[in-house]
Each structure stands twice: as C-alpha cells, then as structure tokens.
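Nothing in this text is a laboratory measurement; each read-out follows from the coordinates by a stated rule. If you're wondering where the values come from, they're calculated on a predicted model, not measured in any experiment. All Cβ positions, even for glycine, are placed from backbone atoms using ideal geometry, and neighbour counts span all protein chains on display.
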Amino acid sequence: MNDTAMRLEQLKQRFTEKQQKKYKIEVFIRLCKKLEELDPEGIQSMMDEALELLIQLSEDDHELKPSQYIKSFTKLQKEVRRQLGFTEEGQIRSEYVGIGIALGVALGTPFVAINPAFIGIGLPIGLALGAGIGDQKEKAAAAEGKVY
C-alpha cells in the first residue's frame, strides 16, 4: 500500500491543482497511508484499479472519462467505510449537517402557519445542531483513528 502512496505522490505532479482537488488525489494518498499496515480483503485490487484509471487520466492522449475514475474511487471509499469504518475527513460532519438541515426545515414548518415570513427560521437552527453533532462525531472518530 505504501508503494501505491509513493506512486500517487509522483503522479500528482502531472495534474493541475484544480484537477488534484477534483480527483481527490490528496485524499487517495491519505487513504493509502492509513491502510498501509492493514491488508483488508479486496481493497488492494480496488486501489490498483483506481490508480490505473488515474494513470490513464494523466496521459495526454487518454480516451477515459474522468467520471470513470471518480466512480471507481467512490466505490473504493464506500468499501473501506463498509469493511473498516474509515471515513474521509469532513464526511461525517457534512452528513450530519444535511440531516440537521432536513430537521430544521421540519422544525420551521409550523412557524409558516403563523407568518410565511418565518419559513427560514428552522433552517439555521437545524444547521447549527447538525454541524455541532457532526463535529463531535468527527472528533470521536478521529480519536479512534477512523478518519483519513
């Protein structure tokens, strides 16, 4: 796995900063380093597949669509989360923010009966609750070593 991280570091130079963010190359490197001491079943082959697609994308005359690599990398992340419980930094927080927004809209709905101008009153409340809970969960997962 460390070999994969080294290859990614070298490959990273071929992409612009915008492409590096789009393809989540830094996240891929952190994931490889996190999995370095582990040897989970089936994950190495998925990592190799994603790396090969990224190598093809780095070539000037590639016919590969970026979405193919992104699908492969997303599939890898889901499998890592399913098997090992590892999540990308910020992922837990964003999930809870989404849940909080949905709850905030539900909380704000009764205020619309009073005055339609109050339609947005629950949104910031739900956003704050979701962000707070998500931040706590993220810190707990980081303390357990489950964040890459």
For the stretch 91-143, report the convex hull volume of the alpha-carbon atoms normalised per residue, in Å³, without decimals. 43 Å³
Give me P(r) over the stretch 7-93, computed from all C-alpha to C-alpha distances, binned every 10 Å, as integer percentages. 16, 54, 27, 4
On a straight-distance basis, which lysines could pair with Lys33 in a cross-link, Cα separation under 25 angstrom, same-chain partners fewer than 8 positions away excluded? Lys12, Lys18, Lys21, Lys22, Lys24, Lys71, Lys75, Lys78, Lys137, Lys139, Lys146
Using the beta-carbon distance between Asp39 and Lys18 and R0 = 35 Å, what value does 1/(1 + (r/R0)^6) give for FRET efficiency, to the nearest 0.05? 0.55
Which listed residue (Leu38, Ser58, Phe86) has the Cα farthest towards the positive end of the charge dipole for the stretch 1-132, taking +1 on Lys and Arg C-beta and -1 on Asp and Glu C-beta about the Cα centre? Phe86
Taking the Cα centre of the chain as the origin, how large is its charge dipole in debye, to the nearest 20, when only Lys and Arg (+1) and Asp and Glu (-1) carry charge on their Cβ atoms? 600 debye
Treat each spin label as a single point 7 Å out from the Cα along the C-beta direction, and report the Asp135 to Ala106 distance in nm. 2.4 nm
About the Cα centre, charge dipole magnitude for the stretch 63-148 (Lys/Arg +1, Asp/Glu -1 at Cβ), debye: 240 debye
Between Ser94 and Glu63, what's the calculated FRET efficiency when r is the beta-carbon distance and R0 is 25 Å? Round to 0.05. 0.15
